[in-house]
Amino acid sequence: MKTVLNVKGMKCGGCENTVRTTVQAYPGVQSVSPDHKANTVEIEFDEGQVSLETIKKAIADQGFQLT
Ligand SMILES: [Cu+2]
């Protein structure tokens, strides 16, 4: 599935990279597109391999806020 999360706390490309690397580490994640200006992260993933809750928690654990 494809979803767009609202994520606060990303200030630059480095933050985007942190989010990208964190989420891409999970199996079943096909693409991750963070945008620190829009405060969004577009994610395409296979729900059979990883849950949205797991992805959200991983992002929050990096210090970002899901809104
Ligand atoms: Cu940053």
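Structure summary
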read-out: The range 30-61: number of residues that are over 10 Å from the mean Cα position of the chain (by Cα) and either under 14 Å from MET1 (Cα atoms) or open to solvent by 70 Å² or more (accessible area, probe 1.4 Å) (or both); value: 11
read-out: Cβ-Cβ under 7 Å pairs, at least 6 apart or on other chains, the range 1-30 side acidic (Asp, Glu), far side not in a loop (DSSP other than H, G, I, E, B); value: GLU16/PRO34
read-out: Residue within the range 9-29 that is assigned to a strand (DSSP E or B), open to solvent by 50 Å² or more (accessible area, probe 1.4 Å) and either farther than 15 Å from ALA60 by Cβ or within 16 Å of the ligand (Cβ to nearest atom) (or both) present; value: no
read-out: Conditions (1) out of contact with any Cys (no Cβ under 8 Å at 6 or more places or on another chain); (2) without any contact (Cβ under 8 Å) to a residue 40 or more places away in the chain; (3) within 13 Å of the ligand (Cβ to nearest atom); number of the one not met by GLY48; value: (3)
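The values are calculated or read from the model by the stated rules, or taken from the named source; none is laboratory data. Computed from a prediction, not measured in an experiment: that's the story for all the values here. Counting neighbours? That spans all protein chains shown, and the Cβs are built from the backbone with ideal geometry, glycine included. SASA here: full protein model, heavy atoms, side chains in, ligands and nucleic acids out. Shrake-Rupley method; radii C 1.70, N 1.55, O 1.52, S 1.80 Å.
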